[in-house]
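The values are calculated or read from the model by the stated rules, or taken from the named source; none is laboratory data. Fair warning: this is a prediction, and the values are worked out from it, not measured in the lab. Cβ coordinates were reconstructed from backbone atoms using ideal geometry, including for glycine residues, and neighbour counts include every protein chain displayed. SASA here: full protein model, heavy atoms, side chains in, ligands and nucleic acids out. Shrake-Rupley method; radii C 1.70, N 1.55, O 1.52, S 1.80 Å.
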Amino acid sequence: MDDVTRKKIIDRLVKRLAGIRSLHASGVVGLPVLGRQLFQLVSTRDAWLLACSVTDDEREARRLLMRLHDPEAWRSDSSEAEEKRRGTLEERLIQAFLAGSADESKSLEAMIDTACLPHFVGFVRDRAGAREAPKASGGRVKVLD
């Protein structure tokens, strides 16, 4: 992805995040709705394209840092059932949003990094419409009666 396209995508997402922040600050949006809104934000095609623009090495480094930062949360999040992980993702997005700095792009980056963790990425990838078709293995299967 070139720098101009990346900047346009970041600007669109930051503008939307700023709108969510202003609604939350004014008390219009409570925490449950905030979690759903943040989930919808990180599940957009733009957010997925931004997440995919990061190199594999950088993505892996970010995952390792998040895992080292809070290993207990990593363990508990990854061992939960799918339904519980969906709610946990919203909680983690809220935490990243509320802990965010004045720089909206840093908050956005933290939320996208959270959504791209191995135990959450399936929810985001499926909603973004970026699911890849399964690859054929080339093997044959025999069915015996």
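Which members of the range 27-42 meet the condition of being open to solvent by less than 40 Å² (accessible area, probe 1.4 Å) and more than 12 Å from ASP113 (Cα to Cα)?
VAL29, GLY30, LEU34, GLY35, LEU38, PHE39, LEU41
Do we find a residue being out of contact with any Ser or Thr (no Cβ under 8 Å at 6 or more places or on another chain), at pLDDT 90 or above and open to solvent by 60 Å² or more (accessible area, probe 1.4 Å) anywhere in the range 72-79?
Within the range 72-79 (the criterion being out of contact with any Ser or Thr (no Cβ under 8 Å at 6 or more places or on another chain), at pLDDT 90 or above and open to solvent by 60 Å² or more (accessible area, probe 1.4 Å)), the answer is yes, since at least one residue qualifies.
For the range 92-112, give me each residue that is open to solvent by less than 10 Å² (accessible area, probe 1.4 Å) and under 17 Å from ARG62 (Cα atoms).
Across the range 92-112, the qualifying residues are LEU93, SER107, LEU108, MET111.
Using beta carbons and a limit of 6 Å, which pairs, at least six apart or on different chains, have the first residue in the range 30-46 and over 13 Å from ARG16 (Cα atoms) and the second one modelled with pLDDT of 90 or more?
Cβ pairs passing all conditions: GLY35/GLU90; GLY35/ILE94.
Just to be sure I understand, how many residues within the range 47-60 are within 16 Å of the chain's Cα centre (by Cα), without any contact (Cβ under 8 Å) to a residue 12 or more places away in the chain and not in a loop (DSSP other than H, G, I, E, B)?
Adding up the residues that qualify gives 3.
Tally time: how many residues in the range 6-20 are open to solvent by 60 Å² or more (accessible area, probe 1.4 Å) and either in contact with a helix residue (DSSP H, G or I) (Cβ under 8 Å, 6 or more places away or on another chain) or polar (S, T, N, Q) (or both)?
3
Restrict the check to the range 104-120 and report whether at least one residue is under 27 Å from VAL14 (Cα atoms) and modelled with pLDDT under 85.
Within the range 104-120 (the criterion being under 27 Å from VAL14 (Cα atoms) and modelled with pLDDT under 85), the answer is no, since none of the residues qualifies.
Would you check which residues across the range 43-61 are closer than 16 Å to ALA110 by Cβ and open to solvent by 70 Å² or more (accessible area, probe 1.4 Å) and list them?
Listed by number, the list holds a single entry, GLU58.
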